[in-house]
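Heads up: the structure comes next, in structure tokens.
The values are calculated or read from the model by the stated rules, or taken from the named source; none is laboratory data. This is a predicted model, so every value here is computed, not measured. No Cβ is skipped: glycine too gets one built from the backbone with ideal geometry, and neighbour counts run over all protein chains shown.
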Amino acid sequence: MIYPFERNSIRKLLGSASAFGLGLALLPAVAAAQEVAPQAEEKSPASDTTIIVTGTRRTGVTVADSPTPIDVVSSEQLTRQAATDTNDLLRVAVPSLNVTNFTTAGYAFAIRPFSLRGLSPDQTLVLVNSKRRHRSAVVQLSRLPLSSGAQGPDLSLIPSIAIARVEVLRDGAAAQYGSDAIAGVINFQLREDDGGIQLDAKYGQYYEGDGENYDIQANVGLPLGEGFINVSGQYSGNEHTYRGTQRPDAAAIAAATGGTIADPAQPIGDPKNELASLFVNSEIPLGESVTLYGFGNYAWHDSLATQFYRVPGGPNIRNSMYRSIPLTTTPGGARFSFATLYPEGLLPTQRYVVQDQSVTVGVRGDIAEGLDYDLSGNLAKDSAKMSVFDTINPSLGPTAPTSYYVGTQIQKEEQLHADFVYEWAKGPFTEPVTFAFGAEYRRETFIMRAGEPDSYRAGPFARVYDPDAPGSTPATPVYVGLEIGASAFPGIQPAQAGKWSRSNKAFYGDVEFEPLKDLSLGFAGRYEHFSDFGGTFNWKVSGRFEIVDGLALRGSYNTGFRAPTPGQSHVSARSTSIDIPTGELRNVATVPVDTPVAAYYGATPLRPEKSKNFSAGAVVDLGADFLFTLDYFHIKLRDRIGVTSNIPISAADRTALTARGIDVSDLNAIAFFTNAFDTTTQGFDAVASKSFHWGDVRFDVNGALNYTKTDLDRITFPLAVDRERSVEIASYYPKWRGTLTGVAQKGAFSVMTRLNYYGKYTDAVANVPDAASFDQTYEAELLVDLELRYELNDNFELAIGGSNILDNYPGKERIPAIKNFGFIYPINSPFGFNGGSWYARTRIKF
């Protein structure tokens with residue numbers, strides 16, 4: 001059987017093969033264009049002399065000088081990996097960052113949430129060229145313990161070839177940058193090349209022979225007067241992977257009917273993705289002290305994933321789609337069931353088409369000696385058009401369509417910034433005092449557009465008089481009905497659609513100075529006022545003291561906050577989940593907090609999250625390309641926002657809601673946003689780098705180790721946190737993560753070896769009898785990556801490599817209700833469950 005998401009795969013594989021073949025074909029030309037040159041020594045990616053721009057507004061601050069911990073990920077580190085998604089590239093490079101892998105379609109499978117230091121993706125601020133990156137239109141309604149309800153930026157839309165480096169600030173910075181910067185800041189610095197062309201092509205697949213992935217990227221730099229314009233483009237994608245087994249109910253139907261049900265009937269693995277992205281970065285001097293700059297992007301992302309297989313006679317949902325329905329009001333008359341129309345069941349497939357665009361324009365310069373300014377504005381829009389096919393709206397009856405447009409979500413943002421930096425060179429200290437101050441205005445809008453009527457409306461078979469039901473008569477009728485809305489993904493209804501906006505204004509100031517030769521201090525404060533939540537003031541103090549040459553202590557304390565987004569306050573959707581006790585599928589509705597059904601269960605208006613963040617650490621900088629940092633962090637977070645656990649609708653609830661005029665007849669459970677709980681997250685990061693020579697071989701070694709522990713301090717809304725979530729808040733992600741990367745280079749040849757360590761993690765179950773006996777803790781895993789690279793000259797290189805070359809898999813799933821849906825491995829594996837993969841890539845420069 002050819003699944004719908006396999007269409008055009010041959011065309012795409014041929015395209016990626018052609019791109020790789022292009023590199024081989026151009027090899028003679030590139031070789032002739034330039035004589036073989038000796039290989040330049042590569043600078044250690046984590047060099048202590050790397051200048052940073054994140055977490056400070058002073059000039060000339062290096063990684064080693066920073067009073068707060070920061071990782072610098074070079075473009076080289078992003079290149080030497082099998083992955084094509086920027087989320088995965090960063091996960092490998094930064095151990096304190098985790099990324100979720102979705103295995104079946106859910107409400108937000110197309111946008112993979114990341115977690116820095118165990119916090120939610122929207123508790124990390126994302127910047128591009130030090131300017132705030134806009135959010136995705138998709139709100140995470142998956143029931144992940146720590147990122148449920150998050151609405152953060154989509155990192156996958158940023159092509160790696162556009163990136164000069166990534167600076168990851170592992171410290172709270174809301175006093176410097178505003179809302180969201182609780183866990184830290186990820187700052188993508190774009191390339192500024194003013195000449196040359198670079199072409200990259202990569203193709204790979206898993207050892208199992210599936211999941212083919214391709215990645216074609218190009219970068220062009222051109223002079224623009226005395227400035228530059230740099231353009232980067234990416235076209236990439238991957239096919240579906242299959243790591244499940246045949247469902248028992250599907251196997252039984254195949255045996256009974258001799259049908260052609262696919263094996264497995266329900267694919268378990270990665271969704272299919274296709275992505276095209278364009279980034280532009282430009283600067284042009286307008287005089288000796290004025291520079292005009294601008295950057296922006298356009299991206300298109302098409303993602304497909306299957307939902308739960310709908311099998312006749314199998315685990316079904318309320319108002320089952322396969323129920324027998326009378327076609328007449330005469331006893332013993334004709335009846336209808338979708339089981340006869342679709343005897344082998346249905347496999348709904350969800351589709352997200354994301355379009356993303358943004359533009360930032362600004363001017364910077366100096367007003368007077370020592371006083372610099374930066375004035376900028378930004379417009380951004382992200383939209384997600386959602387559809388579902390190979391499914392039906394059962395209530396429409398035998399003529400129901402099998403594909404539906406279910407609606408669109410849109411996120412719009414506008415920003416204005418005025419930033420000023422003054423260096424007081426003649427101050428009381430030997431080094432200049434840096435003052436920074438500024439103002440910001442932001443407006444964000446969340447829009448939900450309704451789907452086509454057939455995707456959500458109640459058709460004629462939603463409620464039918466059944467003359468054959470026991471005790472049914474015209475005087476005492478018994479009614480039956482079929483599921484309402486497109487099964488797996490009902491459309492957005494007009495009552496749910498709408499447009500919601502909010503604005504905020506901010507003013508900030510900070511100062512950095514060195515009162516003593518070896519002591520640097522920083523103070524920052526920021527006031528921010530939101531049109532819907534009022535005002536908040538946050539502050540930060542940081543310092544660094546060099547005890548002796550090569551050894552320094554550093555630390556910071558700061559307060560932070562994150563305001564609920566309009567999307568979190570107003571999004572609504574329906575989804576399907578597995579009921580662990582019965583193994584059946586359930587219809588779950590996520591509703592806004594201001595709806596009557598949410599109010600019935602105790603929902604209250606959302607409040608901003610508040611945080612207190614302390615960090616302390618040491619820096620050992622011995623020169624000779626050796627740097628070691630060790631930092632402890634402690635983050636206390638109050639009123640964390642998230643989606644409640646699924647709240648079952650009891651018979652008593654159903655009666656009470658019906659009496660209030662609230663129809664929940666086709667639902668099994670309710671969920672909504674709330675300030676659910678308080679947590680304390682603490683741990684440490686250790687990072688080391690060393691470069692040295694052994695004979696004529698250069699070695700670069702980089703290691704990083706992260707320990708993160710999250711404790712549930714208080715549950716502020718009991719219905720929000722069931723047993724499963726309370727256990728997984730502390731153990732869903734591994735407490736221990738580490739990487740060790742070594743690169744050996746001799747002349748034109750180099751070998752990269754990377755060890756990736758993932759500690760133990762736990763998959764818990766909800767409130768069922770003997771629940772603890774079903775909790776499963778998975779053992780730690782060590783994955784190995786390897787790449788061999790040959791550089792003919794400065795203009796051409798070829799490489800082959802592998803990720804997880806020892807083909808490690810997580811332990812197997814043992815919860816019967818989940819295994820019966822075809823799952824072999826845990827859905828929360830931090831490194832996925834696709835096994836080993838290989839890839840080949842080429843790079844050409846002109």
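Can you find a residue in segment 11-25 that is assigned to a loop (DSSP other than H, G, I, E, B) and either modelled with pLDDT of 50 or more or surrounded by fewer than 21 Cβ atoms within 10 Å (Cβ to Cβ) (or both)? No, that holds for no residue.
Of note, I484 satisfies the criterion of being modelled with pLDDT under 90, within 44 Å of the chain's Cα centre (by Cα) and part of a loop (DSSP other than H, G, I, E, B).
Yes/no matrix, rows are residues, columns are (1) over 19 Å from E787 (Cβ atoms); (2) more than 24 Å from the chain's Cα centre (by Cα); (3) acidic (D, E); (4) in a strand (DSSP E or B):
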| residue | (1), (2), (3), (4) |
| --- | --- |
| F188 | yes, no, no, yes |
| E192 | yes, yes, yes, no |
| F228 | yes, yes, no, yes |
| S232 | yes, no, no, yes |
| S236 | no, no, no, yes |
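Annotation note: Cβ proximity below 6 Å between a residue of segment 827-846 that is closer than 20 Å to T245 by Cβ and among the hydrophobic types (A, V, I, L, M, F, W, C) and a residue that is surrounded by fewer than 20 Cβ atoms within 10 Å (Cβ to Cβ) and modelled with pLDDT of 95 or more (sequence gap 6+ or interchain) occurs for F833/Y809.
When segment 730-739 is limited to residues that are touching a Leu at 6+ places or on another chain (Cβ under 9 Å) and surrounded by fewer than 21 Cβ atoms within 10 Å (Cβ to Cβ), the one that is nearest to V765 (Cα to Cα) turns out to be A730. Only a single item in (1) more than 30 Å from R737 (Cβ to Cβ); (2) modelled with pLDDT of 90 or more; (3) touching a strand residue (DSSP E or B) at 6+ places or on another chain (Cβ under 7 Å); (4) not in a loop (DSSP other than H, G, I, E, B) is not met by A603, and it is number (4).
Being touching a strand residue (DSSP E or B) at 6+ places or on another chain (Cβ under 7 Å) and either assigned to a strand (DSSP E or B) or among the aromatic types (F, W, Y) (or both) holds for only one residue in L127, L119, and it is L127. Selection of segment 502-548 for residues being closer than 21 Å to A418 by Cβ, of a type outside the set (A, V, I, L, M, F, W, C) and surrounded by fewer than 19 Cβ atoms within 10 Å (Cβ to Cβ) yields R502, S503, K505, G509, G525, Y527, H529, S531, G535. Segment 322-432 holds strands (runs of 3 or more DSSP E) entirely within its bounds, and those carrying 1 or more residues that are surrounded by 21 or more Cβ atoms within 10 Å (Cβ to Cβ) and aromatic (F, W, Y) map to 349-368, 403-424. Restricting F626, F614, F633 to those that are in contact (Cβ under 8 Å) with a residue 40 or more places away in the chain, buried (at least 18 other Cβ atoms within 10 Å of the Cβ) and among the aromatic types (F, W, Y) reduces the list to F633.
Checked against (1) more than 30 Å from Y373 (Cβ to Cβ); (2) out of contact with any Asp or Glu (no Cβ under 8 Å at 6 or more places or on another chain), Y404 meets all criteria but (2). Filtering segment 421-428 for residues that are more than 41 Å from the chain's Cα centre (by Cα), without any contact (Cβ under 8 Å) to a residue 12 or more places away in the chain and more than 26 Å from P592 (Cα to Cα) leaves a non-empty set. Are any of the residues in segment 109-126 touching a residue at least 60 places away in the same chain (Cβ under 8 Å) and among the aromatic types (F, W, Y)? Checked against the condition, which is being touching a residue at least 60 places away in the same chain (Cβ under 8 Å) and among the aromatic types (F, W, Y), segment 109-126 yields at least one hit.
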